[in-house]
Structure formats: C-alpha cells, structure tokens
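Take a look at the structure below.
Bear in mind that the values in this text are calculations on the coordinates, not laboratory data. Values in this document were obtained by computation on a predicted structure and should not be read as measured data. Positions of Cβ are generated from backbone atoms using ideal geometry, with glycine treated the same way; all protein chains shown enter the neighbour counts.
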Amino acid sequence: MEKTVISERLKSGGLCYFITTLLFTIQLFCYICNSNVIDNMDFIGWVFYLSSCISQASTFALFPFIVLFLPACISGHPKIGIALMCLGETIISVLLFLNMQIYNIYRFHINGFVLNLVFGGNAGEIFTFDSALYMKEAILLTIFVGICVSISVIAWKKRILCKRRTIYTAISCILACTVFSHGYHIYASYIQKPSVIKSRSLIPYYFPTTSTSLMAKLNIAPVRNGMENFKEASGDAEYPKNPIKYVLPDSVMPNIVMIMIDSWNRRTLTPECMPETYRYAERNEWYDNHFSGSNGTRSSIFGIFFSVPSYYWYIFEADKTSPVFIDQMLSLGYTCRIYPSATITEPPFDRVIFHRIPNLNTSTDGENVYERDHNLTDNFINDLDSLRIEGKPFFSFLFYDLPHSFEIPSDKLNTFSPSWKFADYTKLDNDLDPTGFFNLYRNCCHEDDILIGNVLNAIDKAGIADNTIVIISGDHSQEFNENHKNYWGHNSNYSQWQIRVPLICHIPGRTARKYSHRTTHYDIIPTIMTHALGVQNPTSDYSFGHVLSDSIDRGWIVAGSELNYAFIIPGDTILEKAADGSMCVYDRNMNCINDYRLNASDFNNAINKLNHFLK
C-alpha cells in the first residue's frame, strides 16, 4: 500500500518534470531564431539541434525534481514538493530567458562576469534601458512565472491520468535524444559539420561528447583540405575585417622559421641551461615580458597563427577559416612545411590551422619524444638544401616537445643534478622541494637547446640567415609551484608561471635589443605581416595584437579557450571565467581577491574587443 501511495505522489512530480522539459526545450530552441546560425542549418542539423535542446532541457528540469520535489514527496508532503519544484522551474525558466538576451548582445551565456557586474552595482554603467523596456521585460517574466505555476497545477490535478506507458515513452524519448545528440556530435565534430558545430554553442552550458581517437580508429576521414578544394569561409566570423592589401618589397621575400618549445618556463633561458638560445637572444630582439594566448597548447598555437584568442576556435573550425598569415604566404608563393614532434592531429591543428597547406606533414617518426625532437631537427636541416635550390621563400614551423614530455634518456640527466629520472606526478604536493623535478625539466630544455643550436647553425651555413626571420618562443609555460599554491605543470591557472614565456626574434636589418614592455602571442603575426609580407592593413583588421616593438599598452589581455578564459588586466590581476561559468579573481601570485567589483566600462570594452571578429 505504501508503495502505491509513493508511486501516486511521484506521478505529479514526474508529469511536472516532463511538461517543464517541454517548456525548456521550446525556450532553448528559440535561441536559434535571432542567430545567423540558422543560415547554416540542414535537415540533420535541425534534428541534432532539436534533440540537443530536449537533452539539455531535461537536464535543467531534473535539478528541481531531484533536489526540491523528491525529498518533500518521500517525506509525505507532495504538495510542498510541487510548490518548491514550481519555484525552481520558474527561476530556471527566467534565467533561460534572460540568458538568451545576454547571448544575443555579447555572444556568451550568463557567467560570473555578468553576475559580478549586476550584483556589484556597476551594471547601470553599461545597461541603460528605457522605462518602456522595463515594463516589457516585467510582462514577459510574469508570463513565464504564470506558465510555470500552471504547469505545477496541471501536474497535480492530472497526476491520476498519467499512465506508466506514458512515463516510459517520455523517458525513452529523452534518452533517445540524449544518445543521438552526443553520438552524432562525436562524428559531426570530427568532420567539422557546420550546422552541428555552430548550433551546439547556442545551448547554454551544453558540452556534447567528442572522440577524435575513436573516429580515427574507425578510419573515418576528417576534413583536411588542401588548396585544391579550399572554400572561402562564411558564417559567424568576419576575419579579416577587410581584404588584405599589401605591397611587395623591392628585395627578395624573406624566409620565415618559427621554433616553438612546448611548455617553456622562462627560468631556463640562461647561459647554463640553454647557452645556444641565450646567445641568440643576446644578438637579436629579446622580449622579456611576453605572454602566451593560453596556458595550454591547443589554444596558444591557435592564438599564434590566427592572432586572435582561441575563443574563436569552434567558429573558425565550422567556417573552415584559415589564418590570414598562412593565406598571405600561400598567395605569395611560399613553400610551407610543418615539423611537429607530437602529432598535429590531436589537437586537430591539421584541420583548424594548417588545412590549406599542401602535402601537410602531421607527424614525425620516432619511438619516443627524444627521438622525434632529433628527427624533426634533422628533417628541417636536410630540407634546407632543396628549399634553397627551389628558390622560393619558405615558412617552416618546428615544434619541440621534450620539456613537455620529460622523455629523456637516463644518460642525459647529468647536466643538472640531482635530477629525477622521470616525472613522478604522485610526489607533487605543496611541501615538495621542486629541485629534482625542475632539474629534470632543465635537462630536457638543455637537450632541445642543442637541437635549436643545430637549426640556427644550419641556417647560417646555408647562407640564408640575412634573409630569414626566426621566431623562438614557447606555446605556454610550465609551472613548478613558483607561487607556492601547489600548482604544477600547465592548464590549471593563468598566472605568469603558466602563460609568460620567452620570445626571441631575428628580423634581418634590426639591431639587438632587450624589450621590457608587455607583448603577447597575438603580436607575432602582425610583426611578420608588416615587416616581411608587405601587409598595409591596420593590425586590427586581422589581429588582437600589435607590432612587437610597439610599446603601446596592451590593456586587458585575454588568454584561454572558448570555455575557460581569463583577462589579465593592468597590475596583473587575473579575472578568470571557469568552464562552469563562475568567476574567480586572483592577484599575480594566485591569491584570491574576494568581493572584487568589475570596472564596468573596461569590461564592456574588453568584451566588445573579444567579439571584434564576429558579425
């Protein structure tokens, strides 16, 4: 008997849950109405979007059901449970409505930045509305409240009519939509289907499943376009803002060699640890206050080549947008070659950044990272003769991985000791003396320094140094608990120990100098485009950066990915938006700053800049 009573009580909550899921689905589906994503939709895209809306709506509706209704229902107070559930539904429904308006304005969902503005009392400096608009908003919100109350009343009165078959059918539909949306997204994101990639971002805090490795195992071919089937990008992005205009230099076009070291901590650029690179830095332009575009490889490499934050990753991926830098080189007849230690298929740089490069090399042979770093060096040096004989300008990108992987032979651990033999991450805690671990890292950097020295010497011996631009930097840094907050490695915070890296530039004809003004990875491409490729456009047409030697204040620097990013503001305060939407504020040493209030005007300018390349 007790079982039957509980079952009857649950019916009211279950019916309320299903109707609320339908309401939330309608609200989420409406997100696409005011978006230009609608122009990219096809039949399967609509099916994916609708099923994703249902899946996410059911997740939102599940929270008030489990947290508010179930405890009251089981304790014998189903009416109270329905009332509480109604309250939770109303709050979520109102937030979905407000979030849609925020998204239409700023292209991001409600997050900690917005909440800090609103509750910090600064919203009035940005959001100034007419009284008629307030009245309209109040009416709309009242309607949503009325709908949620009506749903709860209907669910309570019609609970007896709710049959098990109906419940099972509804549950099956929700599960089917969830399985389809996540399953199809695995495939669609791999082949870069625009209708799927673009529409998923409309749904707030929806993170469908991806699996590049699974697709590769199934031998499903990703999109990897060469020039022969390149399609002009179209869609959400306006990059570049204006057609590129350039004037060819009177002299021969310079070669460009870009050398990146994965996870390069600036403390290793010393005469003892990296003598070859250090000497090169002293003889050229050395930027000693340089910041990466992220604390991870995926976003930082994107930031270098596109010269915009990785906030644009999925938009550019869906539009098949190519970096203006690469397009310009190819139009000028450059031979472009990539020499990666780690494969560039994961993260999919081959599909997102380098897809226009013909005969793209995606990996380097070798049993381990140490061998691959050596082999990529040899491959570049061996190619120099043929490149020189070919007579065309060339671009080469060398990407070393040893300081990231720590895969170094034991007989190479004697330069700096005592040294760990391998990276034992189980030892890491806030009380650990980092000397042994850091010495292991320094030994890895020392080995790559030898290889970089070989590359630089080969350029000299080939007689092309006076006509070759060389850029040496790291994609991001590697932290060794410098802030004493138990942070190790990267991808965990936006302090200088994870995003500040060395930058060395050899630009023929320029004098050696050490610069101390702040620069960023977004400045690298504008510098090359201006000094090497004859581009006349203002840098704002294709970049977030400036020419490196320009000491202009960089203002709020944005670093990170489309989900988790931070603004590094003057004074090195870090305003971080986490993946879950929350906002965290730290000083330069990663100490939390409580009760931080955003400067509304500066924030508005930063967001407008962040959306600069969106239509």
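Some notes on this structure:
- Taking every C-alpha pair closer than 8 Å and separated by at least 6 residues, the mean separation divided by the residue count of the stretch 310-448 gives a relative contact order of 23 percent.
- Estimated purely from DSSP H runs of n ≥ 4, each contributing -39500 (n - 2.57), the mean residue ellipticity at 222 nm for the chain is -14000 deg cm²/dmol once divided by its residues.
- Inter-part distance, the stretch 499-542 to the stretch 331-379, computed on C-alpha centroids, equals 23 Å.
- Relative contact order, percent, the chain [alpha-carbon distance under 8 Å, six or more residues apart]: 19
- Beyond 19 Å in Cα-Cα separation lie the following of the pairs Lys11/Lys79; Lys193/Lys577; Lys320/Lys615; Lys198/Lys615; Lys241/Lys609: Lys193/Lys577.
- Counted by Cβ distance under 11 Å from Ile244, the other residues give a net charge of 0, where Lys and Arg count +1 and Asp and Glu count -1.
- Histogram of C-alpha separations across the stretch 484-530, 10 Å bin width, %: 18, 43, 25, 12, 2
- Extension gain, Glu390 back to Thr142 (0.36 nm per residue minus Cα-Cα distance, nm): 82.1 nm
- 12 Å beta-carbon shell around Met529, net charge (K/R +1, D/E -1): -2
- Less than 5 angstrom separates the built amide H of Leu503 from those of Tyr287, all sequence-distant by 5 or more or on a different chain.
- Inverse mean reciprocal Cα-Cα distance (Kirkwood Rh) of the chain, Å: 26.8
- The residues neighbouring Ser363, those whose beta-carbon lies less than 10 Å from its own, together hold a net charge of -1 under the Lys/Arg +1, Asp/Glu -1 convention.
- Helix 297-306 and the longest principal axis of the Cα set of the chain meet at an angle near 70°.
- Candidate aspartates and glutamates - alpha carbon under 12 Å from Lys412, same-chain residues fewer than 8 apart omitted: Glu447, Asp448
- Whole-Å semi-axes of the stretch 345-423's equivalent ellipsoid (Cα gyration tensor): 30, 17, 9
- The stretch 531-612: equivalent-ellipsoid semi-axes (sqrt of 5 x gyration tensor eigenvalues, Cα, Å): 28, 14, 12
- Phi-derived couplings, Karplus 6.51 cos²θ - 1.76 cosθ + 1.60 at θ = phi - 60°, listed residue by residue for the stretch 406-418: 6, 8, 10, x, 4, 6, 9, 9, 9, 5, 10, 9, x Hz, with x used for Gly and Pro.
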